[in-house]
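Let me begin by presenting the structure, written as structure tokens, before commenting on it.
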Amino acid sequence: VHAQPAGPASTTIGDIRLTLIPDGYHRCDPTKTFLGSTVDDWRDHPHLLDDHGRLVMTMGSILAELPSGVRVLIDLGFGPRTLILSDLGMEFWGGRLLSSLTAIGVPPDAIDVVVYSHLHVDHVGWAADADDGSLTFDQARHVLSAAEWEHWHDKPDLGGPSADQLEALTPRVEVVSEEEVAPGITAVPTPGHTPGHLSFRVESRGERAIVLGDAVHCPLQISRPEWAFIADAAPDVARASRERLLRELDGESTFVVGPHFPDAVFGRVLATESSRHVAFDVAPITPPQRVAPEAPAGAVELRGLD
Ligand SMILES: [Zn+2]
């Protein structure tokens, strides 16, 4: 059975409900993007790959609904477009975030807080309307780390926010460090993938989950934290952050939320003496999304990036 991007799914942590809001998917050549991994490593894990041997990654947001009624959206997907980076065998297809929210009855104005793990292009995609430049989630606080904003704020970047997104966010961003961004949701600095990357600890009534963000990109990196992801800005720092998070996840009482994981994003890390792996025991609400095998018309294709 081949991997697919995860479909909508929910779990509860105490009184906080977490739901994956799919935007689309991302796939890549695994050995080109996980530095240190080999063809043999991936051959042993075909359930993470598509039928062409590419690693499948979900793209989307995690919605946290608090008992007070406050709604927090973690990250904003890739947006309504397609990008193909041929040399890395990498594709990003977005476009479903707002329809995924509508499908569960949540309009954009019902989001109270948007928190960004970081500002890479697949996490900031729906920040602003592509036509008029207005904030998509205009009623929300927009929260991220000071180091992340400092890194991206003064120039648009192909790998980060566009000029329109920066213009819309600039008057509205709030920076935080290690603190509660909403009751029960704490920012956890995990730098390395980007300078100001944040993961999030969700705690309610004695239960706990860690939303990894891009500190860990795929389930196999939980067993192989020494693998760097090609987009890690500071691989050694990213590895140290990853290992710190994984120590917190040892023990079955803490859920792991891997927003880029294929098929299922909620699970638990099972640690043995020699290694760790993820057990996915939270069934999706619906089957994983079926996606067209070929790029749609209008896709942007780039070559020769390195
Ligand atoms: Zn990402």
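The values are calculated or read from the model by the stated rules, or taken from the named source; none is laboratory data. Treat the numbers as computed from the prediction; the structure is a model and nothing was measured. For neighbour counting, all protein chains shown are included, and Cβ atoms are generated from backbone atoms with ideal geometry for every residue, glycine included. Heads up: the accessible areas ignore ligands, DNA and RNA and are worked out on the full protein's heavy atoms, side chains in. Shrake-Rupley method; radii C 1.70, N 1.55, O 1.52, S 1.80 Å.
Summary table below
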| item | result |
| --- | --- |
| Residues (loosely packed, with under 12 Cβ neighbours inside 10 Å, of a type outside the set (Lys, Arg) and part of a helix (DSSP H, G or I)) located in segment 36-46 | Val39, Asp40 |
| In segment 135-148, residue surrounded by the most Cβ atoms within 10 Å (Cβ to Cβ) [restricted to those that are in contact with a Ser or Thr (Cβ under 9 Å, 6 or more places away or on another chain) and not hydroxyl-bearing (Ser, Thr, Tyr)] | Leu144 |
| Cβ-Cβ under 8 Å pairs, at least 6 apart or on other chains, segment 85-98 side closer than 17 Å to Leu73 by Cβ, far side part of a helix (DSSP H, G or I) and open to solvent by 30 Å² or more (accessible area, probe 1.4 Å) | Leu98/Pro108 |
| Filtered residues of segment 175-204 (kept if outside any strand (DSSP E or B), away from the ligand (no atom under 16 Å from the Cβ) and modelled with pLDDT of 95 or more) | Pro183, Gly184 |
| Residue within segment 157-174 that is part of a loop (DSSP other than H, G, I, E, B), over 17 Å from Ala238 (Cβ atoms) and either among the basic types (Lys, Arg) or in contact with a helix residue (DSSP H, G or I) (Cβ under 7 Å, 6 or more places away or on another chain) (or both) present | yes |
| From the options Asp154, Asp164, Asp112, residue that is away from the ligand (no atom under 16 Å from the Cβ) and loosely packed, with under 15 Cβ neighbours inside 10 Å | Asp154 |
| Filtered residue count, segment 48-70, keeping only those that are touching a residue at least 12 places away in the same chain (Cβ under 8 Å) and more than 17 Å from Ala9 (Cβ to Cβ) | 11 |
| Elements of type strands (runs of 3 or more DSSP E) contained in segment 64-147, each with 2 or more residues being touching a helix residue (DSSP H, G or I) at 6+ places or on another chain (Cβ under 6 Å) and within 18 Å of Val257 (Cβ to Cβ) | none |
| Among residues of segment 116-161, those that are under 20 Å from the mean Cα position of the chain (by Cα) and under 27 Å from Leu85 (Cβ atoms), counted | 26 |
| Count of residues meeting criterion [open to solvent by 40 Å² or more (accessible area, probe 1.4 Å) and under 26 Å from Leu66 (Cα atoms)] in segment 167-180 | 7 |
| Set Ala147, Ala127, Ala140: member being over 22 Å from Met59 (Cα atoms) and in contact (Cβ under 8 Å) with a residue 40 or more places away in the chain | Ala147 |
| Some residue of segment 127-134 being under 18 Å from Phe200 (Cα atoms), open to solvent by less than 20 Å² (accessible area, probe 1.4 Å) and within 16 Å of the ligand (Cβ to nearest atom) | no |
| Residue that is farthest from the ligand (Cβ to nearest atom), among those in segment 213-240 that are of a type in the set (Val, Ile, Thr) and surrounded by fewer than 24 Cβ atoms within 10 Å (Cβ to Cβ) | Val237 |
| Top-ranked residue of segment 67-89 - restricted to ones that are open to solvent by less than 10 Å² (accessible area, probe 1.4 Å) and among the hydrophobic types (A, V, I, L, M, F, W, C), ranked as farthest from Leu198 (Cα to Cα) | Phe78 |
| Selection from segment 53-66 of residues that are open to solvent by less than 20 Å² (accessible area, probe 1.4 Å) and away from the ligand (no atom under 16 Å from the Cβ) | Leu63, Ala64, Leu66 |
| Qualifying residue in segment 243-256 (condition: at pLDDT 85 or above, under 30 Å from Ala103 (Cβ atoms), touching a Lys or Arg at 6+ places or on another chain (Cβ under 9 Å) and open to solvent by 40 Å² or more (accessible area, probe 1.4 Å)) | no |
| Residue match in segment 198-212 (condition: buried (at least 20 other Cβ atoms within 10 Å of the Cβ), within 16 Å of the chain's Cα centre (by Cα), among the charged types (D, E, K, R) and within 21 Å of Val115 (Cβ to Cβ)) | no |
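To keep it simple, each residue is scored yes or no on (1) of a type in the set (D, E, K, R); (2) open to solvent by 70 Å² or more (accessible area, probe 1.4 Å).
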position	(1), (2)
Ala3	no, no
Thr12	no, no
Asp15	yes, yes
Thr19	no, no
Asp23	yes, no
Arg27	yes, no
Phe34	no, no
Leu48	no, no
Asp51	yes, yes
